[in-house]
1. Could you grab me the full set of residues in the range 69-109 that are charged (D, E, K, R) and either outside any strand (DSSP E or B) or in contact with a helix residue (DSSP H, G or I) (Cβ under 7 Å, 6 or more places away or on another chain) (or both)?
2. Please give the number of the condition residue 129 fails out of (1) among the charged types (D, E, K, R); (2) closer than 20 Å to residue 202 by Cβ; (3) more than 18 Å from the chain's Cα centre (by Cα).
3. Examine the range 158-180 for a residue that is among the aliphatic types (A, V, I, L, M) and not in a strand (DSSP E or B), and state whether such a residue exists.
4. Any residue at all in the range 158-166 that is surrounded by fewer than 19 Cβ atoms within 10 Å (Cβ to Cβ), at pLDDT below 95 and farther than 23 Å from residue 322 by Cβ?
5. Give me the pairs, please: first residue somewhere in the range 224-235 and assigned by TED's automatic domain parsing to the domain that holds residue 172 and farther than 15 Å from residue 302 by Cα, second residue anywhere and of a type outside the set (A, V, I, L, M) and surrounded by fewer than 18 Cβ atoms within 10 Å (Cβ to Cβ), beta-carbon distance under 7 Å, and either six or more positions apart or on two chains.
6. Take residue 125 and decide whether it is buried (at least 17 other Cβ atoms within 10 Å of the Cβ) and under 17 Å from residue 198 (Cβ atoms).
7. Looking only at the range 168-186, how many residues end up being β-branched (Val, Ile, Thr) and either within 21 Å of residue 214 (Cα to Cα) or in contact with a strand residue (DSSP E or B) (Cβ under 6 Å, 6 or more places away or on another chain) (or both)?
8. Say we look at the range 174-192 and pick out the residues that are free of Cβ contacts under 8 Å to residues at least 60 places away in the same chain and within 20 Å of the chain's Cα centre (by Cα); which of these is surrounded by the most Cβ atoms within 10 Å (Cβ to Cβ)?
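The values are calculated or read from the model by the stated rules, or taken from the named source; none is laboratory data. Just so you know, these numbers come straight off a predicted model, no measurement behind them. Quick reminder, even Gly has a Cβ in these numbers, built from the backbone with ideal geometry, and neighbours come from all protein chains shown.
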Amino acid sequence: MKKYLIFVSILISCSKTYNKDFEIYFTEVKTVDLKSDKVRLKYDSETFFSQIPEMIFVDSLLIINDRNPDYTMKIINLKNNKVQNFGKKGRGPNEFQIPFSKVSVDKFSKKIYIRNSSNYHIYSIDSLKKGKELNKPLSKFEIKLSDTQFLINTYCKNYIIGGTYKTPIGLYNIKTKASTEKYEYDTGGSLGNQANFFSHPSKPKVIYIQSNSEIMGIVTIKNDDVERKELSWWKENNEQVTEGGKTHAKSKYSSNNRRSFMSATTSENYIYILYSGKPVGTTKESYNKARLCDMIYVFDWEGNAIKKYRLDQDVTSIALDEKNNLLYASSYGDGSPYIVKYKLE
């Protein structure tokens, strides 16, 4: 049964902190310089990377979103550094229809959840480690559009949670199919306030980050409902407009427009966010350059500033091996994507 909640503009259980500059929030914390080691991978003619907008670490595997013509993802087995294509594009029963497939992990059941349009594919981590039957998920389920129309979302403790076309946070109970949509969008609507979501490794908590505004949130799931704490330092000046019969978010150009939070990864105690702060500019070159980052900001799960990591090169996405205290990152230092790792202090 679907739940309908009243949307309110004054957000109960939601607090906001405004600063002139995101970096001011981290003025009093320590900055640690990190040196990278390149991960020597075993490619073949069909497994070179094209782009790496996001990746996730799970049990000796890196699962990478890689935008190429035939596959949506790649799997790196860090035991042997072998690279395999994964997530074949197409309209077949187990093929992927969208170019970006969000991957999330249930470490207790040793399964991963991958979004494929309105469907979700569930895979065994053990089978992915073996590198066999990669096109055969254990099971699948569908979230009907009449329930909740999700944008970017993630799996967390038997829920799918993420932004929707109507509200900043939607929640779907996989077992009961109960759905909840909560809070209201600021100016620009869903298209101007899209966020990426990342789960806590073991608790019913997620974070969300925006790449066009300096906004992050920490969300706690409780009994088919959510509570959020949002931290906002700067918001892009945009509006939702209709042109040619299509509605989209349109940024009002300002020299202050910049890229903010480009990637994130989480541990039991901390949140790691890759931050740019670079101006977007008006050219393709400046736009692409703004995506490159060399600073990681660490929060605890209350939103407090803990420390900063300064990397020795620009990267575009990060993933954490918490057990071994290793941070993996994707870099473009030689003109094509590759993977590096850092030992955290």
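1. Once the filter is applied, which keeps residues that are charged (D, E, K, R) and either outside any strand (DSSP E or B) or in contact with a helix residue (DSSP H, G or I) (Cβ under 7 Å, 6 or more places away or on another chain) (or both), the range 69-109 yields 70, 79, 91, 95, 102, 107.
2. The one condition residue 129 does not meet is (2).
3. Taking every residue of the range 158-180 in turn, at least one turns out to be among the aliphatic types (A, V, I, L, M) and not in a strand (DSSP E or B).
4. Step one: of the range 158-166, the residues surrounded by fewer than 19 Cβ atoms within 10 Å (Cβ to Cβ) are 158, 165-166.
Pick out the ones that are also at pLDDT below 95 and you get 165-166.
Add one more test, that the residue is farther than 23 Å from residue 322 by Cβ, and what stays is 165-166.
Within the range 158-166, one or more residues are surrounded by fewer than 19 Cβ atoms within 10 Å (Cβ to Cβ), at pLDDT below 95 and farther than 23 Å from residue 322 by Cβ.
5. 224/3; 224/173; 226/220; 233/18; 233/19; 233/21; 235/186
6. For residue 125, the condition - buried (at least 17 other Cβ atoms within 10 Å of the Cβ) and under 17 Å from residue 198 (Cβ atoms) - is not met.
7. Counting residues in the range 168-186 that are β-branched (Val, Ile, Thr) and either within 21 Å of residue 214 (Cα to Cα) or in contact with a strand residue (DSSP E or B) (Cβ under 6 Å, 6 or more places away or on another chain) (or both) gives 2.
8. 192
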